[in-house]
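Contents: one structure, followed by commentary.
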Amino acid sequence: LVLVVDFGAQYAQLIARRVREARVYSEIVPHSMPVEEMLEKQPKAIILSGGPSSVYEPGAPTIDAAIFRAGTPVFGMCYGFQLMAQGLGGTVAATGAREYGRTPVTVGHAGTLLGGIPSQHNVWMSHGDSVTAAPEGFEVLATTESTPVAAFENVPAGMAGVQWHPEVLHSEHGQRVLEHFLWDIAGCRQTWTIGNIAEEQIDRIREQIGTDGRAICGLSGGVDSAVAAAIVQKAIGDRLTCVYVDHGLMRKDETEQIERDFVAATGTRLVVVDAEKQFLDALAGVTDPETKRKIIGREFIRTFEAAEADIMKSAPAGTTVKFLVQGTLYPDVVESGGGAGTSNIKSHHNVGGLPEDLEFELVEPLRTLFKDEVRLVGEQLGLPPEIVWRHPFPGPGLGIRIIGEVTRERLDILREADAIAREELTRAGLDRDIWQFPVVLLADVRSVGVQGDGRTYGHPVVLRPVTSEDAMTADWARLPYDVLERMSTRITNEVREVNRVTVDITSKPPGTIEWE
Ligand code: XMP
């Protein structure tokens, strides 16, 4: 276990991911955690992350210097590097020389940390203060034009640090720097593999649920709930029942794919609830986005509760369904401030926010995983690539991709257009370059067109392909023109009601990924 101490910047999660990419398990802890508590976890190493730009800023977070005397290897990055210099008796000065963004560094003496890395390379910096003298016993490894000490190490003490952000993509050789620290200085072993993750989780779930416990899981069609269910199925077999609510707002073939491929791959007991009519009736006449979302959420809960009651009734006498499987990921856990292992149900965005009074104990097999790890576990468990590599699809489905009232007819139009766009994206081999690709029907807008010899008066669709790392921010994807052309030609030819195709070129912010 490697602990990443979070000093409040955006970087801790990225560092934790990079550590795992080096096949060493990592967890994030807040800087406010007492050092004794960190050490009780018996970490093999501790990484101090970036943070505010100056250790002299009023209220800047700090860390008890006892951390440097515990005999545990420590690596400091950026702000963490300065805290380390300060805590170990070096000098940090506000030299007035600031470095932001791409900065060339010169490696003077590579030592262990920078071994084999080119003596001139570019890294990503973000700091105001500089370390001007390394602590005693530390060797200076690198400098920049304005920073006399940009990297140092004390190998016998297991300590090292760099002024830059090795975890970001823009820092050349960053992953190697991190690996040199983890493997060669801290002596961490490379045991965190996808095979181990799956096995460990299966064992843990088996223990949690016990030998006769029963669980249910709401499947959304997305990768998270599918992988969570697959893990639990491996742990407890058919004591797990999955519920899939088909609200009629799914994309083309989505429900069939879950019924067919998911069940074939996992052997899970699946209850599919056909609730299309119920949802469309409830949505009739509604155009306001928030109202649509509320209605869909409410109907979802009703349907899920009814299905759950049925499953309870059919459970063997003397047993109850006590566990609810959720696909919560590590970023959700970190963002909500950690929290204990299991608790009573809280709202879950993937299944539309289940109510507080469903009294279940939660089973969350993905609580320690990042999205990319979830996909790898899914592959390991034999889930088909169509599920594992699926783009995120929101709970309210196509209901929030029809601008205007949602009707069966409009859904069918959108389903056709969406299926063509997806097919062409796949054909171009671009699925994994794109984070998400909503296709939006402007159902209340019409425009004039000409097709064959006749005038048309049809609807526009909007293509909204985006790139992103976490959906918090996004950029519009620069799809090749020929791919866009094929999408446009096919959609206008094959979907009679659509006579115009447009591309959304708005980043997030200011636009959101979805239109509603
Ligand atoms: P926006 O549109 O706000 O969305 O940029 C960010 C990400 O969240 C997804 N999204 C949802 N997912 N239930 C979900 O499960 C929802 O109600 C919901 N609304 C938005 C959206 O598709 C994108 O990936």
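Descriptive notes on the structure:
- Output for the stretch 269-308, where each listed residue is of a type in the set (D, E) and away from the ligand (no atom under 16 Å from the Cβ): D274, E276, D281, E305, E308
- Failed item, numbered, when A160 is tested on (1) in contact with a His (Cβ under 9 Å, 6 or more places away or on another chain); (2) modelled with pLDDT under 95: (2)
- Qualifying position, being at pLDDT 95 or above, surrounded by 14 or more Cβ atoms within 10 Å (Cβ to Cβ) and within 28 Å of V377 (Cα to Cα), among L324, L240, L329, L283: L240
- Failed criterion for V227 (all others in (1) touching a helix residue (DSSP H, G or I) at 6+ places or on another chain (Cβ under 6 Å); (2) of a type in the set (V, I, T); (3) more than 16 Å from the ligand (Cβ to nearest atom) hold): (3)
- Pairs linking a residue in the stretch 503-516 that is in contact (Cβ under 8 Å) with a residue 60 or more places away in the chain to a residue that is among the charged types (D, E, K, R) and within 8 Å of the ligand (Cβ to nearest atom), with Cβ atoms under 8 Å and 6 or more positions apart or on different chains, are E516/R293.
- I194 vs. criteria touching a Leu at 6+ places or on another chain (Cβ under 6 Å) and more than 30 Å from I311 (Cβ to Cβ): yes
- Extreme residue, farthest from the chain's Cα centre (by Cα), among residues of the stretch 259-306 that are acidic (D, E), assigned to a helix (DSSP H, G or I) and farther than 20 Å from V325 by Cβ: D281
- If you go through the stretch 92-120 and keep only what is buried (at least 17 other Cβ atoms within 10 Å of the Cβ) and in a strand (DSSP E or B), you end up with V92, E99, T103, V105, V107.
- A search for C-beta distances below 7 Å between a residue of the stretch 391-415 that is within 14 Å of V286 (Cβ to Cβ) and any residue that is within 11 Å of the ligand (Cβ to nearest atom) and part of a loop (DSSP other than H, G, I, E, B), counting only pairs 6+ apart in sequence or on different chains, returns I400/P394; I400/E514; I400/E516; I403/W515; I403/E516.
- Helices (runs of 4 or more DSSP H) fully within the stretch 164-246 counting 2 or more residues that are under 25 Å from A275 (Cβ atoms): 223-236
- Each residue in the stretch 45-75 was checked for being more than 25 Å from the chain's Cα centre (by Cα) and farther than 17 Å from V24 by Cβ, and 19 pass.
- Complete set of residues in the stretch 294-337 that are closer than 30 Å to R17 by Cα and in contact with a Leu (Cβ under 8 Å, 6 or more places away or on another chain): F323, L324, V325, Q326, G327, T328, L329, Y330
Residue by residue, here is whether (1) in the same structural domain as V483 (by TED's automatic domain parsing); (2) more than 16 Å from the ligand (Cβ to nearest atom); (3) over 29 Å from A443 (Cα atoms) holds:
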{"position": "T368", "(1), (2), (3)": "no, yes, yes"}
{"position": "V377", "(1), (2), (3)": "no, yes, yes"}
{"position": "G382", "(1), (2), (3)": "no, yes, yes"}
{"position": "P394", "(1), (2), (3)": "no, no, no"}
{"position": "L414", "(1), (2), (3)": "yes, no, no"}
{"position": "D418", "(1), (2), (3)": "yes, no, no"}
{"position": "R422", "(1), (2), (3)": "yes, no, no"}
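- From the options R102, R69, residue that is assigned by TED's automatic domain parsing to the domain that holds G174 and touching a residue at least 60 places away in the same chain (Cβ under 8 Å): R102
- When V263, V243, V334, V227 are checked against the criterion of being in contact with a strand residue (DSSP E or B) (Cβ under 8 Å, 6 or more places away or on another chain), in contact (Cβ under 8 Å) with a residue 12 or more places away in the chain and closer than 30 Å to D212 by Cβ, V243 stands alone in meeting it.
- Against the list (1) aliphatic (A, V, I, L, M); (2) over 23 Å from E167 (Cβ atoms); (3) at pLDDT below 90, the condition A65 fails is (3).
- Count - residues of the stretch 456-471 that are surrounded by 18 or more Cβ atoms within 10 Å (Cβ to Cβ) and within 13 Å of the ligand (Cβ to nearest atom): 3
- Taken as a whole, the structure leaves V445 outside the set of residues that are within 15 Å of the ligand (Cβ to nearest atom), over 24 Å from the mean Cα position of the chain (by Cα) and over 15 Å from V466 (Cα atoms).
The values are calculated or read from the model by the stated rules, or taken from the named source; none is laboratory data. This one's a predicted model, so the numbers in the text were calculated from it and none came from an experiment. Cβ sites come from the backbone with ideal geometry, for glycine too, and all protein chains shown count toward neighbours.
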